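Below is one structure, written out as structure tokens; comments come after it.
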Ligand code: NOJ
């Protein structure tokens, strides 16, 4: 069967406002992004995930929307957006949008109408309680920045529910009018030409909130409706969800009990993310092996989206307290690097002390594990964080294009920038930027280009299956394989700093003409697979078999 596009994709996530400013007002915009599509094409990405582009007061970096059918004028016009879709399509790049429909901004006209009168047709679009709910102080997502989930609204004369910040009132998905509106929003953008959505906060969207019940029931069939509607409107539309839930609950997000993939196509693999970070901290692959063993089997068509970093903190809440402490000690030694008692607000390169060997190792691991890789803008050049910025903004600084003023991001005066660029030191734009790396074959950017090209020649990753190779290996070494219709790939990753030799002669019979296709350095020929050298923090991609697809 022909693979579905999302199983072969490389997704790149960016926020238009921090990517490239074409007008010189200090804020990135859609035309700026259009001007950089050739860069993304050369990098080899095939799908762009844009953080919310809608009008918003900006209290939660665009995740507080005031008009789901519009483009924030700071970023451009609807015309610019359709032009972006067209230009991206010409380069073979699909665009997906963030669908943020668990809540609106409290400035959204729907909420404004809802609070103005109990008779407003929009009153029931939100979740209310006349009494103070017993679970008022439970279920906060942003502890430290959020003190409750139910807030008294003076004008409305009632308590309203907000899973996130108090300026993000939750929509009531139990209301048929709300459900219909969500379907309409999705259809609107699909008709314009987007290829699908990254859906924000799915477990909360489907929450049928009952005041006082911190464990309200969930409406999974709504996801089925959404999937059916999107697919009816655009056959190859893809739904990628943020659903950081218990492993036992994951499968229900992919499909119903019948085992078909009739809900979401992809879920971010939060479980794997935490385990990979723990494995990197310990220099021991065991947590990754556990993750590969523990994760549930997905229905055909279901796919994981892997990531090392995203626009939020690294969420370590699914690790044990001891494991979390290990990761904090290694990657976030300063308490100022922590967020919400569960995460780290840093980029990967500084977490790995800027060590090229470990950065390559980490991304080689992510890109070869099961699923579709998602890369955060700037990570391909090894950008750092700015801990002087509040909360998650530390990792949301402008893209570093060049050593020109403002990192080539904008021609505005520095004080007008949407966020300051990182300047000075090991990760400052003077040192870390696209221009400096573009023409240097030894740069991290060039490495990413080669790695992604090689991945394209290895479609078993993503399309095929992924399994840990259970063999006696030197400490610190992970061996895993990807099998698909097109052949078999074997991957070795040495998470430790000790060079070693790996014996995988157990696979020799399966290997037709083994050859290494990608590695951290030039290694001797593979031959019988019994003397596979591996440098400290080294990695090797070995093709065991190739088949005509
Ligand atoms: C999850 C998003 O990733 C995060 O950035 C946002 O603050 C919340 N959802 C609320 O929309």
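Here, each number is a calculation from the coordinates, and none is a lab measurement. Because the structure is a prediction, the values reported are computed rather than measured. All Cβ positions, glycine included, derive from the backbone under ideal geometry; neighbour counts span all protein chains shown.
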Of 126-134, 465-473, ordering from highest average Cβ density within 10 Å down gives 126-134, 465-473
Bridge orientation stat for the chain from DSSP, antiparallel percent rounded to 5, came to 60
Whole-Å distance linking the alpha carbon centroid of the stretch 63-77 with that of the stretch 1-61 is 15
Quick calc: nm separation of the 7 Å Cα→Cβ label points for residue 411 and residue 548 -> 5.6
The value for the stretch 109-224 (convex hull of the alpha-carbon atoms, volume per residue, Å³) is 115
When 18, 320 are arranged by how many other beta-carbons sit within 10 Å of their Cβ, fewest first, they go 320, 18
re the stretch 1-125: pairs of Cα atoms spaced beyond 17 Å account for a percent value of 61
Once normalised by the length of the chain, the mean sequence separation of its alpha carbon contacts under 8 Å that are 6 or more apart gives a contact order in percent of 12
Given 268-275, 91-98, the highest-first ranking by average Cβ count within 10 Å works out to 268-275, 91-98
For the stretch 401-490, the convex hull over Cα atoms projects on average to an area in nm² of 9.5
Whole-Å distance linking the alpha carbon centroid of the stretch 448-518 with that of the stretch 86-132 is 45
On each of the three principal axes the extent of the alpha-carbon atoms of the stretch 189-267, given in whole Å and largest first, is 41, 27, 18
Sorted largest first, the C-alpha extents of the chain along its principal axes in whole angstrom are 77, 57, 46
